[in-house]
Amino acid sequence: MIEEKEILQQWRGNVGFGLIDAIRRIHSLKFLQDLEVIQFESPNAIKRRQMILLEAYVDLVRRYSPLYREYESFTQFPIIDKVFANENRELLLNRGYLGKLFRKKTGGSTGQPFVYMTGVRSQSYLWAGILLNWKVAGYRLGEPVAMLAGPSLFGSGYKQLINYKLMNVRLFSAFDMSSEKLGAYGDEISRGGYRLLYGYSSAIHQLALHLLAVPVRQRFGLRGVVCTAEVLTQGMRETIEAAFGVPCFNQYGCNDAGISAYECEQKNGLHLITTRCYPEILEGGRLISTDMSNDAFFLPRYDTGDLVTMSAESCPCGRGFPLIKEVVGRSNDLVKDQAGHVVSSLFFTALFMADARILQFQVLFDNKQLAVILHCGETRSNWTGYIDRIRSSLVFDSITFAENAAFVKSPNAKHRFIMQVDDVESELAKTAETHRQVDSVK
Ligand SMILES: [Zn+2]
């Protein structure tokens with residue numbers, strides 16, 4: 001009986017996703033099926049596939065983009081970024097591409113959104129990579145998914161909403177994370193029969209903290225949780241797993257660069273799908289990547305702005321895709337002091353990681369002051385040891401710790417571990433203001 005039910009579910013999933021693909025005019029199901037086989041090929045076999053794809057891509061770029069005609073080989077291509085792409089949009093568009101075009105928007109480093117195009121292959125790969133990750137977390141095609149995120153992940157507009165409806169995905173907004181809303185989200189996810197929870201790491205972590213803090217423990221029918229778009233620390237993962245009672249997996253994507261990486265059961269790092277992208281790591285860990293599947297709009301050797309460390313080891317799971325050991329963060333997740341010293345969010349993650357009192361943190365800094373906002377169970381702790389440690393690496397007139405003040409939100413609702421602000425004092429005053437307002441409501 002159970003088997004019959006599963007077969008029916010699988011059939012519904014396949015038919016449903018086949019229909020979604022047909023409506024979107026992409027082939028995510030086909031790419032997913034291919035990836036499920038290719039992922040277990042040897043690293044060498046995957047490398048061979050990648051080199052064949054790269055060669056074909058370079059030929060295409062040189063043929064259809066006047067910008068690249070003069071270059072003889074891929075290694076001569078310059079490293080480019082969003083600014084370059086914005087200035088050369090027309091010349092990067094493949095005039096020989098006749099398929100469906102997808103217009104994409106992503107946050108730019110200057111705060112201006114970056115608009116680029118992708119084609120059918122790239123769009124199919126994007127979804128296949130996500131579904132592959134969901135499947136590792138236990139998800140089966142067609143099962144109900146709860147997505148807790150902001151618009152950068154789920155997009156907006158009626159087309160997307162129809163897509164999600166067909167995919168059996170219900171959206172929960174990460175913008176409104178008040179205590180009442182978190183309670184409602186918990187109830188709905190518990191009662192709605194959801195099998196997978198997917199979304200921003202910080203939002204899911206916040207929901208998990210809320211669920212652990214309320215007296216009545218809820219039951220969930222989830223098979224797994226997949227966190228994306230932000231750094232997931234070991235402490236956050238443990239809290240999420242405790243709250244939902246299922247394993248929590250990490251995912252990393254950077255669509256403009258063709259980066260799609262997923263965690264397997266071993267949780268040894270993130271398997272990077274290198275039949276889609278050709279990654280290069282510069283000194284300091286800067287990730288440059290070429291989306292070989294984007295044959296509609298060329299962004300070869302594109303600077304992701306992300307810092308990563310790769311693992312030299314192969315994964316015991318048997319998957320041949322190389323492992324990103326760690327996504328250190330965005331290169332704008334860096335603290336710079338007046339003396340020119342620089343540390344990344346990793347410095348703080350490493351600093352606070354083993355401290356069970358610290359649940360989550362955010363570092364705010366301006367020219368003179370650095371403040372660490374800590375979310376902690378125990379308050380009135382002595383943090384001077386940490387202040388001394390930070391002082392030994394960074395020069396600021398003042399370094400302060402604020403316990404349980406609200407985090408400063410970025411415009412897209414993502415949690416930023418590091419934020420450069422105009423004035424730390426006034427940001428802290430604003431979060432204190434929010435606290436007072438909440439207190440007065442109570
Ligand atoms: Zn693995």
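Extending 7 Å from Cα along the Cβ direction at Leu212 and again at Glu265 yields two label points whose distance is 2.6 nm. Mean-square fluctuations from a GNM of the chain, with a 10 angstrom spring cutoff on Cα atoms, peak among Ala213, Ala229, Ala402 at Ala213. Taking Cα centre as origin and charging only the Cβ of basic (Lys, Arg, +1) and acidic (Asp, Glu, -1) residues, the dipole magnitude of the chain rounds to 1300 debye. Net charge of the neighbourhood of Asp303, taken over other residues with C-beta under 11 Å away and scored Lys/Arg +1, Asp/Glu -1, is -1.
Among Leu212, Leu197, a tally of other beta-carbon atoms within 10 Å of each Cβ gives an order, fewest to most, of Leu212, Leu197.
The gain in end-to-end length when the Asn367 to Ser398 segment is fully stretched comes to 10.1 nm, 0.36 nm per residue minus the alpha carbon separation. Between Thr75 and Gln10, residue separation times 0.36 nm minus the direct Cα-Cα distance comes to 18.9 nm. Counting every C-alpha pair in the range 49-136, the share spaced more than 21 angstrom apart comes to 44%.
A DSSP coil position with no more than 16 other Cβ atoms inside 10 Å describes the following chymotrypsin sites (Phe, Trp or Tyr not before Pro) in the range 155-235: Phe175.
The alpha-carbon positions of the range 163-232 define a convex hull whose volume is 97 Å³ per residue. With the highest mean first, a sort of the peptides 76-88, 241-253 on other beta-carbon atoms found within 10 angstrom per residue produces 241-253, 76-88. By the scheme Lys and Arg +1, Asp and Glu -1, what is the net charge of all other residues having a beta-carbon under 15 Å from that of Arg89? Local charge sum for Arg89: +1.
Fully extending the segment from Val83 to Asp422 would add 119.6 nm, taking 0.36 nm per residue of separation and subtracting the current Cα-Cα distance. Shape of the range 2-330 from the C-alpha gyration tensor: prolate (a/c of 1.5 or more and a/b above b/c, with a ≥ b ≥ c the square roots of its eigenvalues). Each of Thr400, Thr431 was scored by other Cβ atoms within 10 Å of its Cβ. Listed from fewest to most, they are Thr400, Thr431.
Each of Tyr125, Met419, Val83 was scored by the projection of its Cα onto the charge dipole of the chain, and the greatest displacement toward the positive side belongs to Tyr125; charges sit on the C-beta of Lys, Arg, Asp and Glu.
Here Glu313, Glu4 are placed in order of increasing Cβ neighbour count within 10 Å, fewest first, which gives Glu4, Glu313. Applying 1/(1 + (r/R0)^6) with R0 = 41 Å to the Cβ-Cβ distance of Ile387 and Met310 gives a FRET efficiency near 0.75.
Taking all Cα pairs closer than 8 Å and separated by 6 or more residues, the relative contact order of the range 2-330 comes to 20 percent. Taking amide H as placed 1.01 Å from N in the peptide plane, Leu196 has its amide H under 5 Å from the amide H of Ala146, Arg223, each at least 5 places away in sequence or on another chain. List the GluC sites (Glu not before Pro) within the range 29-86 that fall in a DSSP loop (any state other than H, G, I, E or B) and whose Cβ has at most 15 other Cβ atoms within 10 Å. Passing both the DSSP loop test and the Cβ count: Glu70, Glu72.
For Ile418, the amide hydrogen comes within under 5 Å of the amide hydrogens of Val363, counting only partners 5 or more places away or on other chains and with H modelled in the peptide plane. Estimated purely from DSSP H runs of n ≥ 4, each contributing -39500 (n - 2.57), the mean residue ellipticity at 222 nm for the chain is -12000 deg cm²/dmol once divided by its residues. Of the cross-linked pairs Lys47/Lys165; Lys82/Lys325; Lys105/Lys409; Lys82/Lys165; Lys135/Lys165, those separated by over 29 Å at the C-alpha level are Lys47/Lys165; Lys82/Lys165. Projecting label points 7 angstrom from Cα along Cα→Cβ for Leu101 and Arg380 puts them 6.4 nm apart.
Taking a straight Cα-Cα cut-off under 16 Å and skipping sequence neighbours fewer than 8 places away in the same chain, the lysines within cross-link reach of Lys181 are Lys442. Across every direction, the projection of the convex hull enclosing the Cα atoms of the range 290-430 has a mean area of 12.1 nm². Normalised by the number of residues in the range 257-357, the average gap of Cα pairs under 8 Å and 6 or more apart makes the relative contact order 22 percent. When both the range 32-46 and the range 384-430 are represented by their alpha-carbon centers, they are found 43 Å apart. Each residue of the range 273-282 was assigned a 3J(HN,Hα) from its phi angle through the Karplus expression (A = 6.51, B = -1.76, C = 1.60, θ = phi - 60°), giving 6, 8, 8, 9, 10, 10, x, 9, 10, 7 Hz with x at Gly and Pro.
Summing charges over all other residues whose Cβ lies under 12 Å from the Cβ of Gly193, with Lys and Arg as +1 and Asp and Glu as -1, gives +3. Both numbers refer to the Cα atoms of the range 338-379; Rg and Dmax are 11.7, 35 Å.
Positive-end ranking of Thr228, Ile162, Tyr97 along the dipole of the range 2-330, with charges on Cβ about the Cα centre, is headed by Ile162.
Here, each number is a calculation from the coordinates, and none is a lab measurement. These numbers were taken from a predicted model, which means no experiment stands behind them. Every residue, glycine among them, receives a Cβ derived from its backbone with ideal geometry; neighbour counts consider all protein chains shown.
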